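Undergrad: Quick one: the structure is below, and I'll ask about it shortly.
Each reported figure results from applying straightforward, stated rules to the coordinates on display, with no laboratory input. What you are looking at is a predicted structure, and each value in this text was computed from that prediction instead of being measured. Don't worry about glycine lacking a Cβ; one is built from the backbone with ideal geometry, like all the others, and counts go over all protein chains shown.
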Amino acid sequence: MKIVVIGGTGLIGSKVVADLTALGHEVVPASPRLGVNTITGEGLAAALDRASVVVDVSNSPNFEYATALDFFATSTHHLLTAEAAAGVGHHVALSVVGTRTLSESGDLTKTTAGYFLAKLVEEDLVQASGIPYTIVHATQFFEFIKSIADVATDGGTVRLPPVAFQPMAAADVARAVARAAVRKPVNGTVEVGGPETFRFDEAVREALAAMNDPRPVVADPAATYYGIAVGERTLVPRAGAMVGEIRLEDWLRESAAAPAAAGTR
């Protein structure tokens with residue numbers, strides 16, 4: 001089966017390509033630097049020729065509302081139009097657990113709420129396209145915990161809301177997306193999270209300690225998530241969601257070992 005992965009050279013996309021290739025499928029990674037541009041439409045028709053499935057894990061250049069809205073609206077429109085012309089039978093899109101709630105919980109231009117609203121526009125276009133689809137909602141990645149801490153740092157202290165947090169490894173996100181791609185379309189949303197649920201501050205404190213980052217981490221009920229007020233269950237999936245296999249402790253240990261191993265070559 002031919003599967004095209006839009007954003008196939010990125011953090012998630014490259015892993016999706018590897019996972020699907022290992023399963024024996026004909027996988028085509030697609031990105032602007034490979035000659036496939038969903039903003040201009042360049043290369044789309046050729047890339048999608050004979051494709052059975054299209055996986056879209058591409059992302060906006062930044063979280064700014066206008067930029068994200070233009071990216072997701074334009075890219076998704078061009079992609080779905082090309083898919084319809086090519087007879088693609090399944091569109092898989094990666095999105096975020098809690099997207100709707102996050103989009104409604106902050107100022108669109110002053111917080112990342114605008115980014116999440118732009119993701120909802122993408123989802124709406126997919127749902128209205130007439131192409132069978134699966135939308136995968138994933139929780140936050142382990143790989144982004146440090147950047148979360150950076151944004152939440154105030155005067156040298158990391159301040160985070162004491163809510164439930166169920167982050168996961170990018171490798172597990174990719175496996176969930178690849179799994180969705182080879183299954184029948186659900187014409188709805190599936191959710192996936194990490195194998196453990198933490199308090200938000202606990203997970204970040206553990207991660208920073210493993211990274212030898214001395215910043216103190218405190219639970220602050222007034223703190224936000226990228227400027228957005230979040231509730232107890234905003235950042236975790238629904239009951240019955242798929243869960244990944246990689247635990248935070250194991251990911252931190254392997255991440256710390258990777259640079260050391262590279263230095264011995």
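Undergrad: Which links in 146/184; 15/110; 15/119 stretch past 25 Å when you go from one Cα to the other?
TA: The answer is 146/184; 15/110.
Undergrad: Using the Karplus curve 6.51 cos²θ - 1.76 cosθ + 1.60 with θ = phi - 60°, work out ³J(HN,Hα) for each residue of region 77-92 in order, rounded to whole Hz, and write x for Gly and Pro.
TA: Taking θ as phi minus 60°, the curve returns 4, 5, 5, 5, 5, 5, 5, 4, 5, 8, x, 4, x, 7, 10, 10 Hz for region 77-92.
Undergrad: Work out the charge dipole of region 2-253 with +1 on the Cβ of Lys and Arg and -1 on the Cβ of Asp and Glu about the Cα centre, then indicate which of 115, 178, 32 is farthest towards its positive end.
TA: Of the listed residues, the answer is 178.
Undergrad: Still on this model: May I ask you to evaluate 6.51 cos²θ - 1.76 cosθ + 1.60, the Karplus curve with θ = phi - 60°, for each residue of region 117-123 and list the ³J(HN,Hα) values in order in whole Hz, giving x for glycine and proline?
TA: These are the phi-based 3J(HN,Hα) values: 5, 5, 5, 5, 4, 4, 4 Hz.
Undergrad: Which value, in debye to the nearest 20, gives the size of the charge dipole of the chain about its Cα centre, when Lys and Arg are +1 and Asp and Glu are -1 at the Cβ?
TA: About 440 debye.
Undergrad: For a test of the definition: using alpha carbon positions, the gyration tensor, and the 1.5 limit on a/c, classify the chain as rounded, prolate or oblate.
TA: Prolate is the answer for the chain, as a/c is 1.5 or above and a/b outweighs b/c.
Undergrad: Taking amide H atoms as placed 1.01 Å from N in the peptide plane, list the residues 5 or more away in sequence, or in a different chain, whose amide H sits under 5 Å from that of residue 230.
TA: Residues meeting the amide H criterion: 225.
Undergrad: Once R0 is set to 25 Å, what does the formula 1/(1 + (r/R0)^6) return for the Cβ-Cβ distance between residue 186 and residue 245, expressed as a FRET efficiency to the nearest 0.05? Spell out each step's value before the answer.
TA: Working: r = 22 Å, r/R0 = 0.86.
Efficiency computed from Cβ-Cβ geometry: 0.70.
Undergrad: Here is a further query. Tally Lys/Arg at +1 and Asp/Glu at -1 over every other residue whose Cβ is under 15 Å from the Cβ of residue 51; what's the total?
TA: That works out to -2.
Undergrad: Shifting gears a bit: Search the structure for amide H atoms under 5 Å from the amide H of residue 137, placed 1.01 Å from N in the peptide plane, and list their residues when 5 or more places away or on another chain.
TA: Here the answer is 95, 190, 191, 192, since their amide H atoms fall under 5 Å of that of residue 137.
Undergrad: What are the ³J(HN,Hα) couplings of region 224-237, residue after residue, when phi is run through the Karplus curve with 6.51, -1.76, 1.60 and θ = phi - 60°? Round to Hz, x for glycine and proline.
TA: 10, 10, 6, x, 9, 6, 10, x, 4, 10, 4, 9, 10, x
Undergrad: Enumerate the amide H contacts of residue 241 below 5 Å, restricted to partners 5 or more residues apart or on another chain; note that Pro and chain-start residues carry no placed amide H.
TA: Sorted by chain and number, the residues that satisfy this come to none at all.
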